[in-house]
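The values are calculated or read from the model by the stated rules, or taken from the named source; none is laboratory data. These numbers were taken from a predicted model, which means no experiment stands behind them. Methodologically, a virtual Cβ is constructed for each residue, glycine included, from the backbone with ideal geometry; neighbour enumeration extends over all protein chains shown. In case anyone asks, the SASA skips ligands and DNA or RNA and just uses the protein heavy atoms, side chains included. Shrake-Rupley method; radii C 1.70, N 1.55, O 1.52, S 1.80 Å.
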Amino acid sequence: MIQNMMNEGKLVPSDITVRLIQKAMQETDNDKFLLDGFPRDEENVRTFEKLTKIEPDFILFLDCPEEEMTKRLLSRNQGREDDNIETIKKRFRVFQESTLPLVNYYASKGKVRKVDAARPVEDVFESVKTIFSSANEQGA
């Protein structure tokens, strides 16, 4: 079911996603987590905070224009079924409609760390490393 929804560019229901994340978090001894691509919409936030009682220390926002993102996704050659132009366009629309408002919400709380992801991969990586090093030093 999850794979079919991803192939269609749709979001997986929040309760399923959060329960999978919560299970993975409980099965480790770590007290810090990086959730890649989550939350994706307002329902994800509500469900995650309700079930886990956790609010993120910060949100890493890799800001990349649609044209560059599309080019990179189509050229990554990982054989993913959802790396096709139609699904990529749907995913970008979902991002604009559902996820970008969350970025703005967390920005209003001072929790967004934004990186210009249109730059070369090495430069983006260095920026991300700096953000995580700084967060680690601050105890976040």
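Of note:
- On a per residue basis, the chain carries 68 Å² of accessible surface, using protein heavy atoms and a 1.4 Å probe.
- Rounded to the nearest 20 debye, the dipole size of the chain about its Cα centre is 200 debye, using +1 on the Cβ of Lys and Arg and -1 on the Cβ of Asp and Glu.
- Correct choice for Rg and Dmax of the Cα atoms in Å that was computed from the model, options [x] 16.2, 49; [y] 15.8, 42; [z] 34.3, 100: [y]
- The separation of region 64-104 from region 106-121, counted between C-alpha centres, amounts to 17 Å.
- Taking 19 Å as the straight-line reach from the Cα of Lys23, the lysines in range (excluding those fewer than 8 positions away in the same chain) are Lys32, Lys50, Lys53.
- Just the protein heavy atoms count here, and of the accessible area of region 1-55 at 1.4 Å, carbon and sulfur take up 49 percent.
- Between Val103 and Gln22, full extension at 0.36 nm per residue minus the direct alpha carbon distance yields a gain of 27.0 nm.
- Amide H contacts for Ile59 (H built 1.01 Å from N in the peptide plane; partners 5 or more residues away or on another chain; cut-off under 5 Å): Val112, Arg113.
- Each helix, a run of at least 4 DSSP H residues, gives -39500 (n - 2.57); summed and divided by the residues of the chain, these come to -16500 deg cm²/dmol at 222 nm.
- Lysines with Cα under 30 Å of Lys71, excluding same-chain neighbours fewer than 8 positions away: Lys10, Lys89, Lys90, Lys111, Lys114, Lys129
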